[in-house]
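Input: a single structure, listed below in structure tokens.
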Amino acid sequence: MSQAITFSEYGTPEVLRLSEVTPPEPGPGQVRIRVRAASVNPFDLKIRSGLMADAVPVRFPVVPGLDASGVVDAVGEGADAAVGDEVLGATVGGGYGEYALLERPVARPAALSWEVAASLVTVGATAFRVLGLLDLRAGDTLLVHGAGGSVGTVAVQLALARGVTVVGTAGAHDLERLTALGAVAVGYGEGWARRVRTAAPQGVDRVLDAAGAGVLADSVALTGDRAHVLTIADLSAARHGVRFSAGSTGDGAEDFLPQVVRAAAEGGLTLPVWRTYPLDGAATAHADLEARRNRGKAVLLP
């Protein structure tokens, strides 16, 4: 037996429990890892609370967690890794545990900590996916709401690397960091649209909302086209005629992960880790994210 975080009903962070579970067995193409770090993502909170119950039905008990890093200790037939390899990747059946299954594992470069390695998976795939959906071209101007968050931070860097001008809204504590990355940093809150117009007199071509802070109507006004605004955080998107993107779209985002990992290992992509927690601190991690206390990634260390 091994330990994992589970929940058997929807609810507040307190439904998360440290439980005894049977370690999963890898199927064809899968590897099992001894988890060294498991990333906590906002999507985990939405699943746990029941907010996504209709779109993503679950079967209780649930082990949450979308991505992890660790050392391979068992392999399925045809798996692209060997016992003892240090890897990271998307989990199958959850990552908040001592063991997890991965499909399509990616080798962990020595330059990446376990925490950063685990944090790159969903964040990197999401940023790549949404930039592709926005059909950005060199010379475009992209507005990123929530640019100080993890997805926003990666999206800013990927867009800049494509020759896109990036304006990012964020809290005061993130403005200096965004400026250092090369973005035009704008404080969020009342009057943000006016400040964006001042910061980008050439206009805004596309908008990515990674904050979900009620900015969609003004974002549509800035671009003049609902099709040029996309959110990953605001469930009211349909009311504004704006696209909501969640999960894989089959656009090859998973294929991009090795490039994200390489860029991070070589120093061309940064992703702050705010705090680490022991496995039994999962409920605290969820509460911190729900209260928006974090200033970077939250990571469990089983």
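Report the antiparallel proportion of the DSSP beta bridges in the chain as a percent, rounded to a multiple of 5. Bridges in the chain that DSSP calls antiparallel: roughly 60 percent.
Here the translational diffusion coefficient of the chain follows from Stokes-Einstein with Rh set to the Kirkwood radius across Cα pairs; for 10 °C and 1.306 mPa s it amounts to 81 µm²/s. For segment 124-195 versus segment 68-86, the inter-centroid distance based on Cα atoms is 35 Å. Do any trypsin sites (Lys or Arg not before Pro) in segment 56-151 lie in a loop, going by DSSP, with at most 12 other beta-carbon atoms within 10 Å of their beta carbon, and if so which? The qualifying sites are Arg59, Arg137.
Taken along its three principal axes, the alpha carbon spread of segment 75-157 comes to 46, 26, 24 Å, from the longest extent down to the shortest. Placing +1 on the Cβ of every Lys and Arg and -1 on the Cβ of every Asp and Glu, with nothing else charged, gives the chain a dipole about its Cα centre of roughly 780 debye. Using only DSSP helix segments of four residues or longer, with each worth -39500 (n - 2.57), what per-residue ellipticity at 222 nm results for the chain after dividing by its residue count and rounding to 500? Result for the chain, helices only: -9000 deg cm²/dmol. Checking the a/c ratio against 1.5 first, then a/b against b/c, what shape does the Cα gyration tensor give for segment 20-116? Because a/c hits 1.5 or more and a/b exceeds b/c, segment 20-116 counts as prolate.
I'd like the FRET efficiency for Arg262 and Leu301, computed as 1/(1 + (r/R0)^6) with the beta carbon distance as r and R0 of 22 Å, rounded to 0.05. E between Arg262 and Leu301, to the nearest 0.05, is 0.35. Its Cα centre serving as origin, segment 1-108 has a Cβ charge dipole (Lys and Arg +1, Asp and Glu -1) of approximately 180 debye.
In this Cβ point-charge picture (+1 for Lys and Arg, -1 for Asp and Glu), segment 117-246 has a dipole of about 140 debye about its Cα centre. Applying a DSSP loop filter and a limit of 14 other Cβ atoms within 10 Å to the GluC sites (Glu not before Pro) in segment 252-302 leaves Glu266. At full extension, Ala172 and Arg34 could sit 45.8 nm farther apart than now, given 0.36 nm per residue minus the alpha carbon distance. Think of the chain as having a plus end and a minus end, set by charges on the Cβ of Lys, Arg, Asp and Glu; of Leu102, Ala127, Leu112, Ala127 sits farthest toward the positive end of this dipole. Report the calculated FRET efficiency for Arg293 and Asp225 (r = Cβ-Cβ distance, R0 = 35 Å), to the nearest 0.05. So the FRET efficiency works out to roughly 0.45. Residues whose amide H comes within less than 5 Å of that of Val186, counting only those at least five positions distant or on another chain, are Gly168, Thr169, Ala170 (H built at 1.01 Å from N in the peptide plane).
Rule-based calculations on the coordinates, nothing more; no lab input. What you see is a predicted model; the values in this text were computed from it and never measured. With ideal geometry, Cβ positions are generated from the backbone for all residues, glycine too; neighbour counts draw on all protein chains shown.
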